[in-house]
Structure formats: C-alpha cells, structure tokens
Amino acid sequence: MSKQGRQEGLIDPDGGPLAVFAIGLRQLREECGHPTYRALATLSAKVGNPYSDTTFSTAARGHTPPSRAVVLAYVQACMAYAKADGQKVTRALAEWDARWEALDAALAPAPPAEQPHETPDPSHRPPADPPAGEAGVSEQPGDPPVRSPAVAHRIRGRRRVMAVLGGVAVLAGIGFGVWHIGAPGSATAESGPHTEPSNEASLPAAALPAATSPTPGMGDNSRCARLRYVNGLAWSPCTQPGSKKLDFAVWLSNTGTKPVTVKIKLAYVQAGTAYACPGQWGNGVQVEIAPGATMTSPEKMCAANKLPATAFQAKAWVIAPDDASWGYREMSQTVHIQADGLTAIWADEA
C-alpha cells in the first residue's frame, strides 16, 4: 500500500492579503502540473538558487509572509517544471514580483496617527532637536532613545530590500536556461567525423587558466553563445578569429558557494560539419570549478585555419558527471571568413 503525501490545509480566502497570496501560489503550482515541493526544490537547485521543499511549502501555507527571493525562486521552479518558454517565464516573474510588492505594502504597519496641533506654552522650553537620522526618539526625560514604529519599519524595509536584491540579481543573472532551449544562430549539420568519447580525462580547476572577466569571452573580437546552466554553473562556447587561425573554447563560471564538477566536450563546426577538438577536451574531460571561479578551456588548444568563404562556430557540451549521455549541445555565433581568407565577419554584422 503506497503512502500518499500529506494533504495541504485549507486557506480561508477571506483571511486577508497573506491568505490570498498563498492561495495564488498554490494555484500557480496546480497550473504548472502540480509538482511536489521536493521537485520544486530540486529544480531551484539546478538553476543555482536552491531552497528546500519545506521553505516552498511554508510560503504556500499562508501563515508567514515569504521573502521576495523565495517567491521568485518558487515561480521560477514552477515554470521550469511546466517547461514554459522564456517569454512566459519573464511575464510570470514580473507578475509575482509585483504581487509580492503589493503584499509587502499591505502588511506594513500603518504610521502612527498625527497628534493634534497644540499651542505651545511660552513657559515651556522644548527639548533640542534630535540629531539627524534619529527622528522619532522619546521626548520624555530619562527615557532611553527608541525609534518610532514608522522609523523602525523603514529601517527594516531597507534591510529587507537589500537582502532580496541579491536573490533577484541571481535570478536575473542565471537566466532561464533550464527550461528554455532555443535554436542555434545558424544552420549547421549535426553529422560529421565527430564521434562520442570512448574515454574521459579528469582535470583539477587549478590546472586551467582563469578568465579575467565574468562576461563570456576569449578576448578581443570573440563571440560566445547564450549562457547555459548545469547544476548552477554557467557555460558558453566561444570563437575568436586571429590573424591566420580561429580559436575555439568553452567558458565556465561558478557563482555559487560550492564546487561544481562537470564533464565537458568541445568541437568546432566548419562549413556545416562538426570536428572534435584534439586531445581530452575533444573526447570528454571532467573538471571541477571552485566557488566563485571563472575559467576557459586551455588557450590555443582547439584551432582551425581560416578558409576563404567558409563559416565557423564553436560547439560544446557540458553535463553533470553522472549523466548517461551528452545531451544538448550549444554553438557560438557564426563567423564568416571572406573570400580574401583573412577578413572575419560575424553573422550579425553580415
């Protein structure tokens, strides 16, 4: 006899703005296919913004107001479960960000009522003005200075906003790579001499040169693909035209607080045909990226001669170490070598 999950308690729709907000979160989960909270927690971890199933279920319980970061992660995970496209995800995040703002304003304590104006007694000398920033302190002699409820709420609000900004920035920075897979910028053949790896090497992150910029790239005049994500790790294949050759690499960045280990395979596309890069990077290499580290594959390791009237792209796969197949590949923007065999024109410049 199988065990069923515990049914959620009912929420009174007349219970106020917090109850209405929690009901909305539950409705969103239903509309996205009714994933379990454990499934939502797993999906939130995959995009680098992990929260536990308990945190998500508490947010939808309606007892305490959730933080903005938790709400946005909840919405993002629901959209990922439903495999929503990027536009739908963007709209959902904007809608729930506005809902959270409205809830926060509705739950904010009202400022104290303004006292009626009284004619001052000439015989009574008012105390000196308090220092700047300390408005609202007690004016009774001998009382310790305390902030008024309005001032305390503003201070708490500022702290709360600063706290959630970091979470929102993470959401914006990591994008929606888990559920939104787009077509490459130009048509290229998936067939060619490239074969699946028969062996995989393993390299520590320290053995690889670190990138100097948090933005994907290999230096001057290089172009990369859209960011993709594996276990919170951002990655992108890049191409850089040189004077006689084109260099291909994969860029990786771990913005999390824990090391991330991935398997990487790198190739390039020449005139619609894919070619594996030489050595272990073309066959498959396992790499550990330290927390906060940004790196690229070894410089000049994978290159091709410029050929007149030929198009090139970098092509890469980055997967979790326990994945059984290489899965989705990503390709950099296409660069076209002109008839002179020297001039490189990017696809968006042609």
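A compact table of results
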{"read-out": "Accessible surface of the stretch 217-350, 1.4 Å probe, proportion on carbon and sulfur as whole %", "value": "49"}
{"read-out": "Rounded percent of accessible protein surface that carbon and sulfur make up, the stretch 28-68, 1.4 Å probe", "value": "53"}
{"read-out": "Across Lys88/Lys258; Lys83/Lys265; Lys46/Lys265; Lys258/Lys300; Lys258/Lys315, pairs whose alpha-carbon gap is larger than 24 Å", "value": "Lys88/Lys258; Lys83/Lys265; Lys258/Lys300; Lys258/Lys315"}
{"read-out": "P(r) weight above 20 Å for the stretch 273-345, C-alpha pairs, percent", "value": "44"}
{"read-out": "Those GluC sites (Glu not before Pro) in the stretch 265-347 that DSSP places in a loop and that have at most 15 other beta carbons within 10 Å", "value": "Glu299"}
{"read-out": "His63 paired with Thr257, simple spin-label distance in nm, labels 7 Å along Cα-to-beta-carbon", "value": "2.4"}
{"read-out": "Distance in nm between pseudo-label sites at Asp85 and Thr36 (7 Å out along the Cβ direction from Cα)", "value": "3.2"}
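The values are calculated or read from the model by the stated rules, or taken from the named source; none is laboratory data. Since this is a predicted model, take the numbers as computed values, not measurements. Positions of Cβ are backbone-derived with ideal geometry, glycine not excepted, and every protein chain shown enters the neighbour counts. The area values use the complete protein model at the heavy-atom level, side chains included, leaving out ligands, DNA and RNA. Shrake-Rupley method; radii C 1.70, N 1.55, O 1.52, S 1.80 Å.
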